[in-house]
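The structure appears right after this line, and notes come after that.
The values are calculated or read from the model by the stated rules, or taken from the named source; none is laboratory data. None of the values given here were measured: they were computed from a predicted structure. We place every Cβ from the backbone using ideal geometry, glycine too, and count neighbours over all the protein chains shown. Quick note on the areas: whole protein, heavy atoms, side chains included, nothing else; ligands and nucleic acids left out. Shrake-Rupley method; radii C 1.70, N 1.55, O 1.52, S 1.80 Å.
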Amino acid sequence: MEDFTDMKGDLKMDVNDYLPLRDVVFNTLRQAILRGEMEPGERLMEIQLAQKLGVSRTPIREAIRKLELEGLVIMIPRKGAEVAHITEKDMRDVLEVRCTLEELAVLLACKNVNAEHIAALKAANKVFEMAIVSKDVVNIVEADVKFHDAIYAMTNNDRLIQIINNLREQMYRYRLEYVKDARTHSILISEHNDIIKNISEKDILAAQDVMRHHIRNQEKGITRLLKN
């Protein structure tokens with residue numbers, strides 16, 4: 001695996017020998033958008049991106065088309081491609097689906113829970129708390145993803161996990177925006193602790209209720225951010 005880095009070091013591509021170059025370019029640009037390294041409204045200039053990543057314009061053009069299909073990029077007449085802004089409609093659509101899936105996940109987790117599961121949840125939450133202390137938003141989001149992954153693993157439902165994984169990248173963008181506000185950090189820790197407590201007690205209704213508030217607080221936080 002080889003790295004291509006631009007002069008500023010703000011865009012890096014990992015060349016995977018097992019993936020076509022167009023897919024590597026697509027994944028690189030996708031992650032840059034989702035992680036906020038390429039900001040909403042930023043133009044995607046084919047020539048400049050090709051030079052930064054050390055590739056021709058063809059895989060860049062193909063990647064931009066795929067990003068447009070995912071709603072991460074929009075085409076502006078006479079301007080070209082640019083990173084799409086987060087809209088309340090898109091955010092609510094994604095979080096409505098996520099809320100339903102997460103409520104099902106905790107229901108199944110409550111039915112299947114054992115001591116080993118709770119130990120894994122607590123360990124994941126400990127990593128999350130350490131990430132909060134680091135104040136690195138990417139670390140915080142990654143640790144939050146791992147915490148929820150521990151819940152999904154408890155469901156023993158491969159189809160549910162597959163559906164959630166298919167939405168993972170779309171959810172990532174909103175997670176990242178939410179944790180940028182440091183005021184949310186203590187709330188997240190408290191909600192995680194409540195989720196662990198309710199699952200360990202096999203209290204399905206309470207677990208679903210706290211999970212519902214967990215997602216709704218994210219929606220409220222991002223809505224507030226968009227309005228500001």
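Identify all residues within segment 209-228 that are in contact (Cβ under 8 Å) with a residue 24 or more places away in the chain and either more than 18 Å from residue 95 (Cα to Cα) or open to solvent by 30 Å² or more (accessible area, probe 1.4 Å) (or both); write none if there are none. Steps first, please.
We begin by selecting, within segment 209-228, every residue in contact (Cβ under 8 Å) with a residue 24 or more places away in the chain; these are 211-212, 214-219, 221-223, 225-226.
The answer is 212, 216, 217, 219, 225, 226.
Restricting to segment 54-85, name every residue that is closer than 16 Å to residue 36 by Cα, among the aliphatic types (A, V, I, L, M) and in contact with a Lys or Arg (Cβ under 7 Å, 6 or more places away or on another chain). Listed by number, the residues that qualify are 67, 72. Does segment 137-150 contain any residue that is open to solvent by less than 40 Å² (accessible area, probe 1.4 Å) and free of Cβ contacts under 8 Å to residues at least 24 places away in the same chain? There is at least one residue in segment 137-150 that is open to solvent by less than 40 Å² (accessible area, probe 1.4 Å) and free of Cβ contacts under 8 Å to residues at least 24 places away in the same chain.
Restricting attention to segment 169-194, the residues being more than 16 Å from residue 222 (Cβ to Cβ) and under 16 Å from the mean Cα position of the chain (by Cα) number 1.
Regarding residue 193, is this residue at positive phi, among the polar types (S, T, N, Q) and in contact (Cβ under 8 Å) with a residue 12 or more places away in the chain? Criteria not met by residue 193.
Count, please, the residues in segment 61-71 that happen to be open to solvent by less than 50 Å² (accessible area, probe 1.4 Å) and either touching a Gly at 6+ places or on another chain (Cβ under 6 Å) or assigned to a loop (DSSP other than H, G, I, E, B) (or both). Write out each step before concluding.
The first filter runs over segment 61-71 and keeps only residues open to solvent by less than 50 Å² (accessible area, probe 1.4 Å), leaving 63-64, 67, 71.
From what is left, the residues that are either touching a Gly at 6+ places or on another chain (Cβ under 6 Å) or assigned to a loop (DSSP other than H, G, I, E, B) (or both) are 71.
Residues meeting the conditions: 1.
Inside segment 72-95, residues that are of a type in the set (A, V, I, L, M) and open to solvent by 20 Å² or more (accessible area, probe 1.4 Å) make up a count of 4.
Residues that are open to solvent by 60 Å² or more (accessible area, probe 1.4 Å), of a type outside the set (D, E, K, R) and under 26 Å from residue 138 (Cβ atoms) within segment 41-60 comprise 45, 48, 51, listed in sequence order.
Take the conditions among the basic types (Lys, Arg) and either buried (at least 17 other Cβ atoms within 10 Å of the Cβ) or not in a helix (DSSP H, G or I) (or both) and apply them to residue 98. Does it pass? So that I can check it myself, show each step before the final result.
Values: among the basic types (Lys, Arg): yes; either buried (at least 17 other Cβ atoms within 10 Å of the Cβ) or not in a helix (DSSP H, G or I) (or both): yes.
So residue 98 passes the test.
Could you tell me whether segment 180-198 includes any residue that is closer than 15 Å to residue 112 by Cα and open to solvent by 40 Å² or more (accessible area, probe 1.4 Å)? Yes, some residue in segment 180-198 is closer than 15 Å to residue 112 by Cα and open to solvent by 40 Å² or more (accessible area, probe 1.4 Å). Out of all the residues in segment 151-165, which are buried (at least 16 other Cβ atoms within 10 Å of the Cβ) and of a type in the set (D, E, K, R)? None; the set is empty. Just one of the listed residues (41, 36) is in contact with an Asp or Glu (Cβ under 7 Å, 6 or more places away or on another chain) and not in a helix (DSSP H, G or I), and it is 41. The set of residues in segment 1-40 being exposed (fewer than 15 other Cβ atoms within 10 Å of the Cβ), under 20 Å from the mean Cα position of the chain (by Cα) and at pLDDT below 70 consists of 10, 14.
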